Amino acid sequence: MIMLLGGTTEGREIAALLEERDYPFFITVTTTFGESLLEGGDILRRKLNKDNMLRVIKDREVKLIIDATHPFAVEASRNAIYAAKMTGVEYLRYERESFLPENAICVSDIKEAGELSVCFSNIFYTAGSKGLSEFLSALGQENRVVVRIIPTPEVIAEVEALGIARENIVAMKGPFSRALNRALFSEFGADAVISKESGEKGGLREKACACSDLDIPLIIIRRPGMEYPRAVNSYSELMKIIEEIL
């Protein structure tokens, strides 16, 4: 049995590949939104800490963990690496290739992004709700922040609780084209855009092109450093390794 840690485009694509080849697998997601994007199958919707993951591995007789979580889901990856080591299960990370636009401003973390954004009046934030509180703590009342988030009631409520007015919330499901990004940035008068280093799969190229069109800076929060025991960044290589293991 394969345990596929999903919640990303890559997770859904890998699930389709596994299904095509009739590999026994189940996919894990942490939110109802993530579950809604899947086309059926064996889905486990639960946030897995170390203990839960160990229990699932035992109960489902898992032989291989494929980690296709988001590059910033560090805790999930660490838990999976720990669980694999403790149980002797194989661990394989699918890591989306990095992409950094030439003219982007790169920072090491969300706090640095906030400190750098103080000098901008209208900030378009696309780096996810989890780090928003820390980002906002570096700003003042004169900084207007427009937040683009996934369209779920829980996330919208979370953002509103941080003081973001409804007129400054864009709740939409990606991916976003260059044209749509440009239209949104222009409509809200953005003079800076904040993004994570989410790779081309995460729509970073389209954001960068839109910012270039409007001549506004794109501030990118670099991926956290992670040491994976074994990682690949192509589906062909992934499937080859799966064949060897199973």
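Coordinate-derived values only; no laboratory data. Note that the coordinates shown come from a computational prediction; the quantities given were computed from them, not determined experimentally. Positions of Cβ are backbone-derived with ideal geometry, glycine not excepted, and every protein chain shown enters the neighbour counts.
Return an integer: the convex hull volume of the alpha-carbon atoms of region 94-246, in Å³ per residue.
Measuring per residue, one finds 131 Å³ for the Cα hull of region 94-246.
Short version: ³J(HN,Hα) in whole Hz for each residue of region 212-219, in order, from phi by Karplus 6.51 cos²θ - 1.76 cosθ + 1.60 (θ = phi - 60°), x for Gly and Pro, what are they?
Karplus values, whole Hz, x for Gly and Pro: 5, 4, 8, 6, 10, x, 10, 9.
Please work out how much length the chain gains when fully extended from Ser36 to Met226, using 0.36 nm per residue of separation minus the C-alpha to C-alpha distance, in nm with one decimal.
The Ser36-Met226 span can extend by a further 65.5 nm.
Taking the 0 to 90 degree range and rounding to the nearest ten, how far is the long axis of helix 235-245 tilted relative to the main principal axis of the chain, both from C-alpha atoms?
30 degrees
Tell me, what ³J(HN,Hα) does each residue in region 69-85 have, in order and in whole Hz, if you take phi through Karplus 6.51 cos²θ - 1.76 cosθ + 1.60 with θ = phi - 60° and put x for Gly and Pro?
Coupling constants for region 69-85: 6, 4, x, 9, 7, 4, 4, 4, 5, 4, 5, 5, 4, 4, 5, 5, 5 Hz.
Provide, for q = 0.18 Å⁻¹, the log10 of I(q)/I(0) from a solvent-free Debye sum over equal Cα point scatterers in region 150-240.
-0.96
Dipole of region 105-221, Cα-centred, from +1 at each Lys and Arg C-beta and -1 at each Asp and Glu C-beta, to the nearest 20 debye?
Value, rounded to 20: 360 debye.
Please arrange Tyr82, Tyr91, Tyr23, Tyr125 by how many other C-beta atoms lie within 10 Å of their C-beta, fewest to most.
With the fewest neighbours first, Tyr82, Tyr91, Tyr23, Tyr125 line up as Tyr82, Tyr23, Tyr91, Tyr125.
Within region 159-207, which GluC sites (Glu not before Pro) sit in a loop by DSSP and count at most 15 neighbouring Cβ atoms inside 10 Å?
Answer in residue order: Glu200.
Grab the Cα-Cα distance for Thr87 and Glu237, subtract it from 0.36 nm times how many residues apart they are, and report the gain in nm with one decimal.
Full-extension gain reported as 51.6 nm.
Count neighbours as other Cβ atoms within 10 Å of each site's Cβ, and list the trypsin sites (Lys or Arg not before Pro) in region 150-246 that are DSSP loop with at most 13 such neighbours.
Lys173, Arg230
Report, to two decimal places, the Cα Rg of region 1-76 normalised by 2.2 N^0.38 Å (N = number of residues).
Here the Cα radius of gyration is 1.01 times the empirical estimate.
Based on the alpha-carbon gyration tensor of region 24-151, what equivalent-ellipsoid semi-axes (square roots of 5 times the eigenvalues) come out, in whole Å, largest first?
Largest first, region 24-151 gives 35, 16, 14 Å.
If amide hydrogens are placed 1.01 Å from N in the peptide plane, which non-local residues have theirs closer than 5 Å to the one on Val170?
Val147, Arg148, Ile149
Evaluate the charge dipole of the chain about its Cα centre and quote only its size in Debye, nearest 20, assuming +1 on the Cβ of each Lys and Arg and -1 on the Cβ of each Asp and Glu.
Dipole size: approximately 420 debye.
Amide H neighbours of Phe25 under 5 Å, counting only residues 5+ apart in sequence or on other chains, H built in-plane at 1.01 Å?
Ile2
Per-residue HN-Hα couplings for region 142-150, Karplus 6.51 cos²θ - 1.76 cosθ + 1.60 at θ = phi - 60°, whole Hz, x for Gly and Pro?
Running phi through 6.51 cos²θ - 1.76 cosθ + 1.60 with θ = phi - 60° gives 6, 8, 8, 10, 9, 10, 9, 9, 6 Hz.
From Cα pairs below 8 angstrom and at least 6 apart in sequence, can you work out the relative contact order of the chain, rounded to a whole percent?
RCO, the chain: 20 percent.
Once the principal axes of the Cα atoms of region 112-157 are found, what is the range along each, listed largest first in whole angstroms?
31, 17, 15
Taking only C-alpha pairs under 8 Å that are 6+ residues apart, what is the relative contact order of region 105-221 in percent?
In percent, rounded to a whole number, it is 32.
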